[in-house]
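So the structure is just underneath, and the comments pick up after that.
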Amino acid sequence: MEDRDRIAMAARGRAPPGQRPHQNIQTWASETKSTHIRWSGSGVLGEVSEPVAEHIDEQESKPGDKSFESFKTNDNETTDYISGKKKKSSQTEIETLLDRLHLQDKVQQKLPKADFLQIRPPGKQMDHETSEKDLAYIFLHRLIMLNYKARYIPVRSDSPEVTNLKPTMFDNSEIDDNELEELFKTTAGTNKNEKAHVHPMDVQMAVFHCSDSFLKQMMITKLSQCQYALPLLVPDPVTKEIQFPLWTYREITKTWKVTQIKDDPKIITMKSVPVYKAETPLVSFFRLGSLSVSKSQLMNTLINNRHDTFFHRNCPGSTKSRYLMDGVAEIAWYCPAGKPNDAFNDCIAFCNLHGDALLIKKQRDILIEKSSINIFLVASLQSNEESRSLISSLFKSHKPLICLNIDDSRDAVKTKNGNYIMGLKDKNHSGVSEQLKKIIREVLSSLEFSSLKPSFQLRFQLESMAELSGVRVDETDPGIKEKETDPAYDVSSILKSYDEKWSEVLALKKKQDKSDLLLKKQTELEDISKKLQSATFGLEHIFREMGQIYEAHKTTQRESRHSDWSKYPELAAQLMISGHPMELMDGDAGHVPLTWISSLLEEVIKKLGDQRVFVLSVLGLQSSGKSTMLNTMFGLQFAVSAGRCTKGAFMQLLKVSEEMKKDLKFDYVLVVDTEGLRALELEGNSTLHHDNELATLVVGLGNMTLINIFGENPSDMQDILQIVVQAFMRMKEVKLSPSCVFVHQNVTDVAAAEKNMDGKRRLQEKLDQMAKLAAKEEVFNAECFSDVIDFDVQKDVKYCAQLWEGSPPMAPPNPDYSESIQEVKNTILSKASKSAGITLSQFKSKIQDLWTALLNESFLFSFKNTLEISVYRKLEVQYGSWTWTLRSNMLTIENQLHNRIENGKLDEVEQSYLFKETNKTYEEVRKEMTKYFEDDKDREILAQWRGRFQIDIEEFLTNQVKMVKIKLDGVIQQKKACKKLDEKKSEFENKLLQKSKELAKKLKDKAKDEVELQRQFSSVWSGWVAELTSDIEPIKDIDLEKDKSNIIEKLGFEQTLTDKCKSNGRYKRLSDVGKYSEYMTTGLLVDFCKKYTSRGGFSYEEQQQIRSLIVQAEEESLHAIKNKPVAARGYSSTYLCEVANHVTEKVQKFLSERKYNLNKEFKVDLLLYVFYKAESWLLQSHKKFKMNNDPITYLESKKTQYYTAFRSFCKENSSAVVLGELICEKLKVSTVEAVCNKTAIDLAGRMRCNFPAFNGNRLNLEQHMLRSLAEKENFDDFITYITNPRKQTEAFIKAEVQQYIYMSHKDEAVNILKKNVDDIQKTVNQALFTAVKKVQYQRGDTEMWLNEFCHVLKDELTFDNIPSENFTDIKKCDFLKEEIEKGFEPIIKDMYSLSLDKMKESREKPEEILIDQLCNCCWVKCPFCAAVCTNTIEDHSPNDHSTPFHRPDGIKGWHYKDTVELSVTFCTTNVASDGTFYPEYDSKEAIPHKQYKTAGPPYDTWSITPDGSNLAYWKWFVCQYQKQLEEHYGKKFMGRGEIPDQWKDISKEEAIKSLDEMY
């Protein structure tokens, strides 16, 4: 197979034949090997054009030893000088190296940065040793975690080929001569077959070459932070093209202090410059040939004697062989700290060219040209003409040269042209280093202060390297499309100006004269300070501008979706997903741009899905190392350099790796980094408020908060603890439950367990003390910190070593710091594994809730937990499903027992029996509830309601059982009341059958004359009925009109007044819209009357009082009437009399408490209204009583049935045929009733599950009803809804049911009816079959057959017994069964075409079932705006009443006192304002809106969140019905209540659309 094909297949994720597919890039476990390498950017597939030297200056032999020297023979091989054997080509060695590191497939498919911004298992990362295949990954991981020991990773032996030093065992025995002989025989050729460990710098460069641009930049940034040298010129391993990775330096900033000695004293100036812009002297080091002295080690002594900035031969892990370093030029900067022991007074760049400078001409020439000083390490120049020639030419140039001869022992000698020669032989490193520092200082000083301008560049700048020809700059690569924006200001120059101005201010303060000059200088200093704060310009500022542009457009151009600005959130989301931190809070303005953040997170959700995230936030004092800790912990890139203290809050996504997902219940960790508390930029109260605000926000957002404490200063600790404890206390009060871990940084002795225990004890005491203080301020009951949050001081407090190993700016990070931070990370992940986190959409809602609440004065009062509300609404929907399951089951049980009672098979219903019957369904519901509460993704939030909802379900079932028992007891009572008639029914029917049979015998010759038969039967029927009921008095119809008039007259009202009220019919609309001015009293209270007449009648509040009286009178009267046993015992006029007396007393009591009176006409109208509302129920109940108890009525209802039997007898049909016809006649009535009842229940269930308005919770029903009201545009319906929401809701349900059943889903309703007809047919057929089988088996008679048939049907149909005396001659029940089936067939056929209108006459009605299900909720109205509490559960105590959206309170008639100005403000705005209100229209004392609960009931039972939320719907309503509202309330929308102009632009469509915000 061609190599080109192998690479193509590998890129597509498939392995060539005979090879394993390469593994996921996250595992670094690919075993694929290739013989050629295509390097990104080279553009060619080929081999090395010239050999790469195998050895570096750290492993050179001594002079004269040629065992390590090689020469070029051809393009692919090198030959050893001594052996003359050809060695493998460098290209092959590089491929082998990459194969050993498992990077061979990353040459083309570069390692992405995102792979290393993941949460991975801690195992391999924390191991002391690792295997070669994991070496590159572990190196990168530890480097990202700022552990400079990443270069020194011991490799364990995975195969016998790899050299591994084993411990040598010593004993005291004497050495044998043979052993000495073997020792002397040992040569350099020993262990030829052993494979050496991979060189650490080969690991570094291999990773560098295999990384994408973003990972390279992060890698170089981390190397810089570890105080390591950085690659400056990098030869491509294949093409040998020189690369300059300028873009990788863009994130690095160097800070140092320049010491200028000008007379006395010294002037120290701080500089902070991006490294690519820094202009510094460049000192370059070269070696010629192979030397015994390490150039890199010598350079380290100049920069930092305690840290190996440049890797050298004596570093741990160094080996003889390396393949990727020769020709690489590395650069490092010495940054002085402004101290006396600084090696140099200013920043100096040091460059190290690896390899023999004689062989690496291109890089050598570039560095010689760019350097301020060139330093060459050479051996004796006499033996190498090429070296001698090069040095000679350099001595002749004007550029300073320092020549270090390793074979010479002379001291430093300065030549005439200013160059230096110094010997290194027999000298220690320290002496050489100090002498060399002195020479460099002298040379740079002479160049700086020389009167003659040097002919070469004195200062070196990284960016200037990009101008060189023959050098490829990485920023020209197509993969790099991003550049950092240059700072708006030069930080160093601002710092210098600040220092000078501050010195002037201090000098003026020492003088006695406090003139205006001091004030002027202080103002100038403040201006410079602000400029300094604005000096750092990063990508966050660009995104901040984008966010502001987006929010501005979003506000003004609501419908625009195709402009460029609408794509801003998508761009930001892409960056956030790729691992870039995004600004959550604008640090300069202290503001969270909710619209921008919401849109940004929505785009992230679109791209990733609504993933679950674990939010980790951090809090601590300013400059306490929070960002550094997060960067070290997760490899992030939060700004930490000088002048870049985090301001505001930033968030960054970290993906959870596939290996970790089995242990964690979320997909991402979202890290929130914040600015420090007690920021110096803020002063006084603003600091405290800002800190409390910030702490509350980040603690509320985080599933866990890291509390970062720096140092051991008790006062600093107290500052942060007070803020943190208060934030946690607020979370406790609003039912948020974050966890916390305290990280104590910069602890001098982390290992001192006793000291740490003491520190933990003191921390616990401080926390408890702060909890008590915060509890007083927040009015919260807490004695210790554990009362506020679940906290274990032993497990939740971690100690970390100090960050720096030495003194900055040259100190590297402390490896112990990195390791201790990783331990903290493991603790965090261990605690996080117990949490499911939250979804991104929930996180978005949380931001909105917290920030909206924080903008108000009282956080606790203002906080609205949208996530919790959303979860609760879903729970309400589930609750509706559970209750419907129970209700539906109970309806079925009720139907069965009702039929059983009517069939005389049951005369008592026990509650225990009902509980037993419904127990199976109840247990299923309980299991569903348990599963929901335990398995739902939001189970942590749901846990708080579990107990309450379990109780609610139990209470619901208990109430259902009680209600069904009451209903069935009523049926039993009616049945018992009809007992006398029931006892005679058999006698009546037996006699009727006998008389029919006798008459039929006389008229059998006229059997074919149907008209004659009917005439003859009708002529005798009345006589039969009269004969059978001669001793029974018939039940009379009732005369309600007469009773009404008599009762009203007895109460003292004239008949003429009653007749007048009846005739005008106004009483029928008494509770509807009206001002009731016509009921104002006249006569005696003339002055009073004049007063009311002058103001136009009753006030709106008085009208509401009168209307409330009417509604209460109606409800109480109907309740009293319906409790009377009319259906069981019949009607009595005393029932109406009792109601009339009660209403009269209620009116008298009402008027005694008012300052106005109502005339007689009102009282008569109210009585007539109450009678009118009770009339239909009384007539219907009495009709039922008459049907069940009046024999005449009963017998008349049986006329058709017995005519059928008579006709059959006339045709001389057998008894089986006659009995079959009689049974079919009885079945015809009962099956219609059963089908209608079952269809009503099924349709109610179908609508409950499928109809959008009915399949949700209370809020969902409200939303659909408001939409319906807007579409119909009927003002009277709106007012009914405002004044009596339940009445309008019931009307809405009835209308929707009618629409659904009879119009929109008529076919579906008919199909349900037909299915129930089929079910009834199967039930009857089964009963026939069962009855026949039993008679045949037991050899029974007709009576047994009838009894068994009725017994089987007792739960399904009401079926009166048929006397068997007239049918004793039936011998074959099979024939009877056939006759019934034949007669039942046309009945079924007729029922298929049964009209749906028949359901209106049935006992069960779908609208009533749905009203019972949906309206059994809370109907309490907001005392301000009349918005209805939307809680699905009627008794939802101890929770207050609430609704997501309130209304302008003018809708309820609220107006400004002593004016006619209606109010247009929303409750949610009022309760956040400084305004006041009067609880009652006649109240004397005003209550502040913010303290509305102090007004007592009903105000104190409501929870109104002051979040300013409002619906466009109600704004549209006010504008649409302005005139009607003004007329209705007798007020005007004017003055302070003038309708805003923008409300008038809202269309009906927009109003209806805004209802979606409710849910």
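Please treat every number below as a calculation from the coordinates, not as lab data. On a predicted model such as this, the values are computed, not experimentally measured, just so you know. Neighbour counts are summed over all protein chains in view; Cβ atoms, including those assigned to glycine, are modelled from backbone coordinates with ideal geometry.
Could you please report the charge total around Gln1263, scoring K, R as +1 and D, E as -1 over all other residues with beta-carbon less than 12 angstrom from its beta-carbon? Spell out each step's value before the answer.
On the way: positive: Arg873, Arg1258, Arg1267, Lys1553; negative: Glu1262, Asp1556, Glu1557.
Taking every Cβ under 12 Å from that of Gln1263, the sum is +1.
Glu1557 label point, 7 Å along Cα→Cβ, cut-off 15 Å on backbone N: hits in region 1460-1489?
Answer for region 1460-1489: 1465-1470.
With θ taken as phi - 60° and the coefficients 6.51, -1.76 and 1.60, list the Karplus ³J(HN,Hα) couplings across region 866-876 in order, rounded to whole Hz; mark glycine and proline as x.
These are the phi-based 3J(HN,Hα) values: 4, 4, 5, 4, 4, 5, 5, 5, 5, 5, 4 Hz.
Determine the gain in length on full extension of the stretch Asp564-Lys414; use 0.36 nm per residue of separation and subtract their C-alpha separation, reporting nm with one decimal. Please report the intermediate quantities before stating the final value.
Values: separation 150, 0.36 × 150 = 54.00 nm, distance 6.63 nm.
Taking 0.36 nm per residue and subtracting the Cα distance, the gain is 47.4 nm.
Report the trypsin sites (Lys or Arg not before Pro) located in region 232-276 that are in a DSSP loop and have at most 15 other Cβ atoms inside 10 Å of their Cβ, or state none.
Values: sites: Lys240, Arg250, Lys254, Lys257, Lys262, Lys266, Lys271; in loops: Lys240, Arg250, Lys262.
Those satisfying the criteria are Lys240, Lys262.
Using alpha carbons only, how many angstrom separate the centre of region 259-335 from the centre of region 1236-1308?
Computed from Cα coordinates, the inter-centre distance equals 81 Å.
Under the rule of at least 5 residues apart or a separate chain, name every residue whose amide H is placed under 5 Å from the amide H of Gly1508.
Result for Gly1508 returns Thr1469.
Are there trypsin sites (Lys or Arg not before Pro) in region 1119-1168 that DSSP marks as loop and that have at most 13 other Cβ atoms within 10 Å, and which are they?
Working: sites: Lys1122, Arg1129, Lys1146, Lys1149, Arg1154, Lys1155, Lys1160, Lys1163; in loops: Arg1154, Lys1155.
Of the trypsin sites (Lys or Arg not before Pro), the ones in loops of region 1119-1168 whose Cβ has at most 13 other Cβ atoms within 10 Å are Arg1154, Lys1155.
Just to verify a number: FRET efficiency for Arg1536 and Glu526, C-beta to C-beta distance, R0 = 45 Å, to 0.05?
Details: r = 43 Å, r/R0 = 0.95.
The pair Arg1536/Glu526 has a calculated efficiency of 0.60.
Can you give me the long-range amide H partners of Tyr799? Hydrogens built in the peptide plane at 1.01 Å from N, cutoff under 5 Å, separation of 5 or more residues or another chain.
His744
Step through the residues of region 310-315 one at a time and calculate ³J(HN,Hα) from phi using the Karplus curve (6.51 cos²θ - 1.76 cosθ + 1.60, θ = phi - 60°), rounding each to whole Hz and writing x for Gly and Pro.
So the J values, rounded to whole Hz, are 9, 5, 9, 5, 8, 6.
Mind listing the phi-derived Karplus ³J(HN,Hα) values for region 1534-1543, rounded to whole Hz, using 6.51, -1.76 and 1.60 with θ = phi - 60°, and x for any glycine or proline?
8, x, 5, x, 5, 6, x, 4, 5, 5
Treat each spin label as a single point 7 Å out from the Cα along the C-beta direction, and report the Gln435 to Met757 distance in nm.
5.7
Quick one: if you stick a label point 7 Å off each Cα along the C-beta vector at Lys772 and Gln1104, how many nm between them?
4.9
In nm, to one decimal, how far is the modelled label at Asp426 from the one at Asn1123, with both set 7 Å along Cα→Cβ?
Modelled inter-label distance: 12.4 nm.
How high is the relative contact order of region 1153-1269? Use alpha-carbon pairs under 8 Å, at least six apart in sequence, and give a whole percent.
On the way: 29 pairs, mean separation 11.5, N = 117.
Relative contact order, region 1153-1269: 10 percent.
Give the distance, in whole Å, between the Cα centre of region 1373-1427 and the Cα centre of region 1153-1211.
Centre-to-centre (Cα) distance: 21 Å.
With the convex hull built on the Cα atoms of region 1310-1412, state its orientation-averaged projected area in nm².
Numbers: hull surface 31.1 nm².
About 7.8 nm², averaged over all directions.
Work out how much length Gln994 to Gln574 would gain on full extension: take 0.36 nm times their residue separation and subtract the Cα-Cα distance, in nm to one decimal. Could you put the intermediate results ahead of the total?
Details: separation 420, 0.36 × 420 = 151.20 nm, distance 9.32 nm.
Taking Gln994 through Gln574 to full extension adds about 141.9 nm, to one decimal.
With unit charges on the beta carbon (Lys/Arg positive, Asp/Glu negative), name the residue among Phe1375, Leu1346, Pro1423 whose Cα is farthest towards the positive pole of the charge dipole of region 1284-1435.
Positive-most Cα among the choices belongs to Pro1423.
Would you give the gap between the C-alpha center of region 1490-1559 and the C-alpha center of region 797-815, rounded to a whole Å?
Value for the Cα centre distance between the two parts: 60 Å.
If you stretched the chain out fully between Met963 and His398, how much longer would it get, using 0.36 nm times the residue separation minus the C-alpha to C-alpha distance?
Value of the extension gain: 192.4 nm.
Please find the FRET efficiency linking Asp1037 to Ala1295, where r is the Cβ-Cβ separation and R0 is fixed at 35 Å, and quote it to the nearest 0.05. Present the calculation step by step, with values, prior to reporting the outcome.
Details: r = 33 Å, r/R0 = 0.95.
Once rounded, the FRET efficiency stands at 0.55.
Applying 1/(1 + (r/R0)^6) with R0 = 22 Å to the Cβ-Cβ distance of Glu1153 and Asp1072, what FRET efficiency is obtained, to the nearest 0.05?
Details: r = 24 Å, r/R0 = 1.11.
In this case the efficiency is close to 0.35.
Give the long-range amide H neighbours of Leu377: residues separated by 5 or more places, or on another chain, with amide H under 5 Å away, using H modelled in the peptide plane at 1.01 Å from N.
Phe286, Arg287, Leu288, Leu404
How big is region 781-931 by Rg and Dmax over its Cα atoms, in Å?
Considering region 781-931 through its Cα atoms, Rg and Dmax are 29.1, 101 Å.
Can you pull out the trypsin sites (Lys or Arg not before Pro) in region 1211-1273 whose DSSP state is coil and whose Cβ has at most 16 other Cβ atoms within 10 Å? Mind dumping the intermediate values first?
Details: sites: Lys1211, Lys1226, Lys1228, Lys1238, Arg1246, Arg1248, Arg1258, Arg1267, Lys1272; in loops: Lys1211.
Sparse-neighbourhood loop trypsin sites (Lys or Arg not before Pro): Lys1211.
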